[in-house]
Each structure stands twice: as structure tokens, then as C-alpha cells.
1. Please go through region 172-200 and give me each residue that is buried (at least 23 other Cβ atoms within 10 Å of the Cβ) and closer than 18 Å to GLY284 by Cα, ordered by number.
2. Do any residues in region 204-222 that are under 17 Å from PHE191 (Cα atoms) and free of Cβ contacts under 8 Å to residues at least 40 places away in the same chain have Cβ atoms under 7 Å from those of residues that are among the charged types (D, E, K, R) and part of a helix (DSSP H, G or I), where the two are at least six apart or on different chains, and which pairs are they?
3. Could you list all residues from region 77-86 that are touching a residue at least 12 places away in the same chain (Cβ under 8 Å) and surrounded by 14 or more Cβ atoms within 10 Å (Cβ to Cβ)?
4. Only one of these is modelled with pLDDT of 90 or more, within 26 Å of LEU287 (Cβ to Cβ) and among the hydrophobic types (A, V, I, L, M, F, W, C): LEU155, LEU125, LEU120, LEU137. Name it.
5. Could you tell me whether region 60-75 includes any residue that is over 13 Å from VAL136 (Cα atoms), touching a helix residue (DSSP H, G or I) at 6+ places or on another chain (Cβ under 7 Å) and at pLDDT below 80?
6. Starting from residues that are among the basic types (Lys, Arg) and assigned to a loop (DSSP other than H, G, I, E, B), keep the ones in region 286-330 and report whichever is modelled with the lowest pLDDT.
7. Within region 98-111, is there a residue that is of a type in the set (D, E, K, R), modelled with pLDDT under 85, on the phi < 0 side of the Ramachandran plot and surrounded by 14 or more Cβ atoms within 10 Å (Cβ to Cβ)?
8. So which of VAL136, VAL168 is crowded, with 16+ Cβ neighbours inside 10 Å, in contact (Cβ under 8 Å) with a residue 12 or more places away in the chain, under 20 Å from HIS112 (Cα atoms) and aliphatic (A, V, I, L, M)?
Amino acid sequence: MAVYQVRKAKQIIGYKIRWYDSDGRERKKTVKGILREEALKIERDILAKRDRGERLQDLRHAPTFKAFATLWEEEHTPHWKASTLEQYHSIVTNHLTPTFGEQRVSSISESHVRRFMATLHDKGLSERRINLVILVLKMVLKLALRRRWLLEDPLRDVKKLREPKSDVSPFSPEEVEQFLAKCPSWWKPYFVTAFWTGARPNELAALKWGDVDWTAKTCFIRRGRYRGIEGTPKTKHSERTLELLPPVIEALTMQKAQQAASLLKRGEGAPEPGQDYIFKGPDGGFLNTNYLREHIWYATLTAAKLPHRTFYQTRHTFASNALAAGEAPSWVSQQLGHSSPEMLFQVYARWIPNRTRRDGSALLQRMTQHEPLPAPETRTAQ
């Protein structure tokens, strides 16, 4: 094993490392633009790997990040839930591939990763979202390490960003109006429904017209849609009946008219009654929630001059505003598909009237003004 200087015009431009692999064959590696200490470190890494009986790949022929990420997805797809698959695929497609796609995995360094994180921050992504993106990158590069396409982990010294204690950042009623005023007309019914029901994005993507009871003004949540694949809702309690308030009924009526006009324009016949999805793309294709988030949600926030928030804040907006208005926690919990109101108190306590007061003033007001207690609900004997 030896390290030699590489010179050009009497100037040291790099170092050549020579060693013998576990089969006794001579190997050489030239690295330019590094110091001797760095070359010696590479030498030590090569020796350590050889001593463990590992063979290094020829890094000049390492696959591009795009190709390797595709391989990584294919290997893990059978082991992931559809929702996880959709989330990770979205991160690879919208964040990782545009940055690292044509770069060989062997050349990705810590400095590349840190610049990438700064770019994500400049785009307005939350600390939580950036951490998730870096987690997916780490998983891809971990496979590259196992396949010997990386000498060392470029994320080894990259720490997670400190996340705010709560990721709940609901819209005020005024902000909802600002958002909807700037929202493209095709997508407005979707976002009205999201803000006024608290349904999850994957639940809205799976809604069919047959799930709506126009007479009872309700809608039955029975499935979710992840990356074009139908699946069960998030939990067993997520399967539920939603009460549809007037703005939602109006939005769904608008959506039905839009959809009929779109079918007529494309010269397509009406689908089997009740079986068509409520929310689809303008071209009639399935609703892609990742596209909706990355290209409609954030663009509308920018156009409305609102702070960037996560797509999930539509759900938080419904819950916090309903509770602040004095709606019963049990009703809000049912609308959200929670197993009990307990989670509401954990996540949304500060929006529940009087719970933010800790000085006895609420009790004093009730007792001194002789406010009556609400009458208990009466149940008819069966």
C-alpha cells in the first residue's frame, strides 16, 4: 500500500493510491485536488474495507442518483404501506432527483447535502419536512454504502434540524378567504371541502360521488388513495360519516358542474353513476395529491401572500376553528376520525374556549353572572 504525489508542471495536483485487493490484484486510485492528509485517510478506509474482505466498486462507473433511487424504491416497495410509498416517492421525485439526479452516487459529499438543505429552507419547507427529505436521502445512500458505491457516509455528521414543538399552524378565517380567493377555480371545491371537513388529503382523493348522501348532507369516508392505489383509511376509526356544512354542499355542487363540463369538452361519456371520483385532475386523470401540494398549494400560498405551511394544515384549520367556535369536542373528534376526543386536548387545547385561561377568570365569570350549566342530553329508552 502506498500513496504517491501526482504532479503537473512541478505542482502537486493530487495523490495516487496503490494497493492490492483481497485477490492479490494491484489496484490504483488517483484523486485530484486533495491534501496528503485526505489521501492518507482514503488509504486507511481502503485498507479497513480490504481487511474486512470487502471489495470496492470502481467508483467511475457508479450509477447516477436517479437510477440508484429507482433501484432503492423497487427493493423496498413490497415492504412499505401504500401511504409510505407515496410519501417517499414524492420526496425522491420532487426534491432529491431534481438536485442529485444526474450526479453519480459516489460523488455526493457532505457539502452537497448541506447546500441542498439550505436550498430547501430557502424554498420555505418546514424543519420537519426538511428532516424527512434528508431521512429519505440517508436511506438511499445507506444502500449505496452497502453496495460499495460510497467510501463513507456523507450524512454522518449532518444533524437533524430542531423542529418546533408543534407543527399545528392553522389558518384564520380571514386567511382561508385569502387562500380561496387566489386558488385556481378547478381546485377551489377541493380546498373548500378540505378546510370545512378536516378530511385527510388521501381520503379526499378517494371520495366517490356514491359516498355522498345529498339528502342527509353527509359523506361516508371508507377508503384512502395513495399514489393512485386505493387502500384502507389510516385507522379503523378513520372510516366514518362526515356531516357536510353548507359551504361544502355548495363546493360539491360546483365540482359536479365542473366535472360534467370537462367530460363534455373531452367528448367522453358519463361514468357509471356514483362510481366516479369527486376530485380529479382537469384532464380527467386521478388526483395526484403530491402534484397538488407541490404545484397548487404552495403556489396559491405565495399568490395570497400567506406564510408557507404544510398541506396538512387544512385539517388543523378545521379542528382549531371548530373548537374555537365552541363546537363540542366529541363532534369535532368524530369529524376527524379520532378514536376519542383525547387527542384533541393534546393537540388543540389552546383553541378550546376557556382552556387557555389558568387564572380562574372563566369560572368567576360563569358563577358571578349565573350562567346556567348546559342541560344533560336525554336518551330515549330502546
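The values are calculated or read from the model by the stated rules, or taken from the named source; none is laboratory data. Values in this document were obtained by computation on a predicted structure and should not be read as measured data. For neighbour counting, all protein chains shown are included, and Cβ atoms are generated from backbone atoms with ideal geometry for every residue, glycine included.
1. Within region 172-200, PRO189, TYR190 meet the criteria.
2. That search, which allows pairs on different chains as well, returns CYS219/ASP211.
3. ALA82, SER83, LEU85, GLU86
4. Unique residue meeting the criteria: LEU120.
5. no
6. The extreme case among them is ARG309.
7. So far as region 98-111 goes, no, none of its residues is of a type in the set (D, E, K, R), modelled with pLDDT under 85, on the phi < 0 side of the Ramachandran plot and surrounded by 14 or more Cβ atoms within 10 Å (Cβ to Cβ).
8. Exactly one of VAL136, VAL168 is crowded, with 16+ Cβ neighbours inside 10 Å, in contact (Cβ under 8 Å) with a residue 12 or more places away in the chain, under 20 Å from HIS112 (Cα atoms) and aliphatic (A, V, I, L, M), namely VAL136.
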